[in-house]
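First comes the structure, then the notes that go with it.
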Amino acid sequence: MYLFNFNPNRSTTTRPWPTKRPSSSSSSQRSPLLFITVLFCAFIFFLYYQSLSPTSLSLSSSKTPHSLQNQCRIPSPREKFLWYAPHSGFSNQLSEFKNALLMAAILNRTLIVPPILDHHAVALGSCPKFRVSAPAEIRASVWDHAVELIRSGRYVSMADIVDISSLVSSSFIRAIDFRVFASQWCNLNLEGICVNESDKQSSLLDSLKQCGSLLAGLDGSVSKCLYAVNEDCRTTVWTYKNDNEDGTLDSFQPDEQLKKKKKISYVRRRRDVYKNLGPDSEADSATLLAFGSIFTSPYKGSELYIDIHESPRDQRIQKLIEKIEFLPFVPEVISAGKRFARETIQAPFLCAQLRLLDGQFKNHWKTTLLGLKQKIESLGQSSHPTHIFVMTDLPEANWTGSYLGDLAGDSHQFKLHLLKGTDELVMQTARALAVANHGLSSGFLSKSSDGDSKIQKHCRPSTLADALLYIEETVCSCASLGFVGTLGSTIAESIELMRKFGVCSSSTRTAL
């Protein structure tokens, strides 16, 4: 080896570095020690790498449950909370919201009211095929999306659109807005995310991600702080006070062919939610109980996840089940729908809800449009045009060559009515919803601190809510000539429920 001298004032002549022949004894003493040190370091690195799951790696600067323990703050003494992870489109999210209200009431917990997620921003998968996202994964996805909705000024609470004021005022349920809960749980002032200060915003977003990793249960439950419910539709059907069936096998199980094809070994059991997650359970000691998705649906003689349709042994819960069968939209939405029917259509009309582009529905155009044609023919001929309100995802420019195009071209027999997101009625309603701010004003602890008032001041959405769907559903509930919906559409089911409960003929605020 040679030493290079870069001092210009000295000679550039180089000379060999003096060497010393090591003794064989010293070399033999150092080699085993060096080998053991390198091996030990490699082993420690391997253990550290193995401890990092793919999900935890995706959450930057995630902390361990021990270091996050101090973030388990209680907004109100002795208060316990329930959180869940909604998914898919609005109708599915509304269905889960009803289930959440029921579970929160059974377990005597305050429900954390979530935002309305972007359509299919979070996906569950397929319960019948036993192919779903794990509860911790879907909770993390919902948390991240909710934070993004706050940051981008597009946050709309489920309580901004669905009227739960009567349930809260009658003490059937206790509720708290997600933003208020997150602010107090994480000990952060969320208004910093809503103001245009990039440095402050970036720091808060990082802190929220760290806090979200705990709430999602990525590292499991945390004693007396968080109980992460990891039982999902692949293993569990929740029941309530249904004799002695707790722990028994559910009637729907994966068949042998599916087990072999997917290499799965799931066993679905019916479990009493009160016995397993209520008083005297491990879950009951936790401030926060976190479910994954709580979507359910009838399937092969059973339910996919929650089978609680009646509660004869608990009249309080039985009454709540009856009340949440239908949750009306807030007055601003219902008034707008009635106004369009009364002032724009101004005549008896038929409503056609035609879902033609999304998912499975795009393959059933003929069947969907045939149902509309048969309904119109059943109305018979008239000397006046038949008024039809059309609610569809098919752009009007693409109607040519379809039955809708034929109807639009026959102005002597038919008069078609449409609503668009840019129509003044829709924009007025969106502005009214922003002013009303039901999500932050109607929940439990809604005005409990100065921080919460700052959320109301700084975190008002900068983008108006898309109220079109809710107004369209209300208009369809007013269709006196009948309703034609797309088979299998949850939107059609929602409209049928609104018609059943007489939304159009009732007062603006439906009494519960």
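Here are some notes:
- Test result for Thr400, of a type in the set (S, T, N, Q) and within 23 Å of Gly337 (Cβ to Cβ): no
- The residues of segment 77-93 that are farther than 21 Å from Ser170 by Cα and in contact with a helix residue (DSSP H, G or I) (Cβ under 8 Å, 6 or more places away or on another chain), listed by number, are Trp83, Tyr84, Ala85, Pro86, His87, Gly89, Phe90, Ser91, Asn92, Gln93.
- One residue alone among Leu277, Leu289, Leu218, Leu226 is of a type in the set (A, V, I, L, M), farther than 18 Å from Lys80 by Cβ, surrounded by 14 or more Cβ atoms within 10 Å (Cβ to Cβ) and touching a residue at least 24 places away in the same chain (Cβ under 8 Å), and that residue is Leu218.
- If you go through segment 303-318 and pick out every residue that is within 26 Å of the chain's Cα centre (by Cα), surrounded by fewer than 16 Cβ atoms within 10 Å (Cβ to Cβ) and in contact (Cβ under 8 Å) with a residue 12 or more places away in the chain, you end up with 1.
- Any hit, segment 194-207, residues being touching a Leu at 6+ places or on another chain (Cβ under 9 Å) and at pLDDT below 95: yes
- Among the residues of segment 479-494, the ones that are surrounded by fewer than 21 Cβ atoms within 10 Å (Cβ to Cβ) and either in contact with an Asp or Glu (Cβ under 6 Å, 6 or more places away or on another chain) or assigned to a loop (DSSP other than H, G, I, E, B) (or both) come to 5 in all.
- Residue match in segment 40-49 (condition: closer than 21 Å to Leu205 by Cβ, at pLDDT 55 or above, more than 10 Å from the chain's Cα centre (by Cα) and not assigned by TED's automatic domain parsing to the domain that holds Glu472): no
- Criterion (at pLDDT below 90 and either more than 30 Å from Leu149 (Cα to Cα) or small (Gly, Ala, Ser) (or both)) met by exactly one of Ala434, Ala465, Ala397: Ala465
- Residue within segment 319-335 that is outside the structural domain of Thr235 (by TED's automatic domain parsing) and of a type in the set (Ser, Thr, Tyr) present: yes
For (1) in contact with a strand residue (DSSP E or B) (Cβ under 8 Å, 6 or more places away or on another chain); (2) touching a residue at least 60 places away in the same chain (Cβ under 8 Å); (3) farther than 21 Å from Ser183 by Cα; (4) surrounded by 24 or more Cβ atoms within 10 Å (Cβ to Cβ), each residue gets a yes or a no:
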| residue | (1), (2), (3), (4) |
| --- | --- |
| Pro86 | no, yes, no, yes |
| Leu101 | yes, yes, yes, no |
| Ala146 | yes, no, no, no |
| Asp160 | no, yes, no, yes |
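- Every residue from segment 114-136 that is touching a helix residue (DSSP H, G or I) at 6+ places or on another chain (Cβ under 9 Å), surrounded by fewer than 19 Cβ atoms within 10 Å (Cβ to Cβ) and touching a residue at least 40 places away in the same chain (Cβ under 8 Å): Lys129, Arg131, Ala134
- Scope segment 122-167; condition of a type in the set (Val, Ile, Thr) and touching a Cys at 6+ places or on another chain (Cβ under 8 Å); matching residues: Val132, Ile150
- Here Glu322, Glu377 are screened, and the one residue that is acidic (Asp, Glu) and over 25 Å from Ser95 (Cβ atoms) is Glu377.
- Matching residues in segment 89-137 - criterion: being small (Gly, Ala, Ser) and assigned to a loop (DSSP other than H, G, I, E, B): Gly89, Ala121, Ala123, Ser133, Ala134
The values are calculated or read from the model by the stated rules, or taken from the named source; none is laboratory data. Source: prediction; values computed, not measured. For neighbour counting, all protein chains shown are included, and Cβ atoms are generated from backbone atoms with ideal geometry for every residue, glycine included.
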